[in-house]
């Protein structure tokens, strides 16, 4: 594999980074700022986590190619390092087989313990 490179992205406060139910091809490492994760519970969006500097989000969809399980929104001006699916999967491939299996088990357990994700929004609403 070529030497990996990373792209930094800036998200203004209030910007939706991705939406619950969408395909996920990237994970994000927060460099500065704060991101809030929320899910649709009934008819209400319910926040459940805040990710600050040093935290990673969006990784589940990259690991198992499943849909996003939450909506991520910058709640402060935020800078993230974007980790592409290719780089993420490469790093997982070269990891110790035990750790690789453990990560996949964690993702599987998390997906089975949360209610079904909301359907993706039509492109006209994104």
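Tabulated values for the structure
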{"quantity": "Strands (runs of 3 or more DSSP E) contained entirely in the range 1-79, each with at least 3 residues that are surrounded by fewer than 17 Cβ atoms within 10 Å (Cβ to Cβ) and free of Cβ contacts under 8 Å to residues at least 60 places away in the same chain", "calculated": "44-51"}
{"quantity": "Some residue of the range 111-125 being modelled with pLDDT under 95, within 25 Å of residue 7 (Cα to Cα) and either surrounded by 13 or more Cβ atoms within 10 Å (Cβ to Cβ) or over 16 Å from the mean Cα position of the chain (by Cα) (or both)", "calculated": "yes"}
{"quantity": "Total residues in the range 45-94, condition touching a helix residue (DSSP H, G or I) at 6+ places or on another chain (Cβ under 8 Å) and either at pLDDT 95 or above or over 19 Å from residue 108 (Cβ atoms) (or both)", "calculated": "1"}
{"quantity": "Residues located in the range 95-107, provided they are in a helix (DSSP H, G or I) and out of contact with any helix residue (DSSP H, G or I) (no Cβ under 7 Å at 6 or more places or on another chain)", "calculated": "97, 98, 99, 101, 102, 105, 106"}
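Per-residue answers, yes or no, for (1) in contact with a strand residue (DSSP E or B) (Cβ under 6 Å, 6 or more places away or on another chain); (2) at positive phi:
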site: 47; (1), (2): yes, no
site: 53; (1), (2): yes, no
site: 56; (1), (2): yes, no
site: 65; (1), (2): no, yes
site: 71; (1), (2): yes, no
site: 91; (1), (2): no, no
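The values are calculated or read from the model by the stated rules, or taken from the named source; none is laboratory data. From a predicted model like this one, the values you see are computed outputs, not experimental measurements. Every residue, glycine among them, receives a Cβ derived from its backbone with ideal geometry; neighbour counts consider all protein chains shown.
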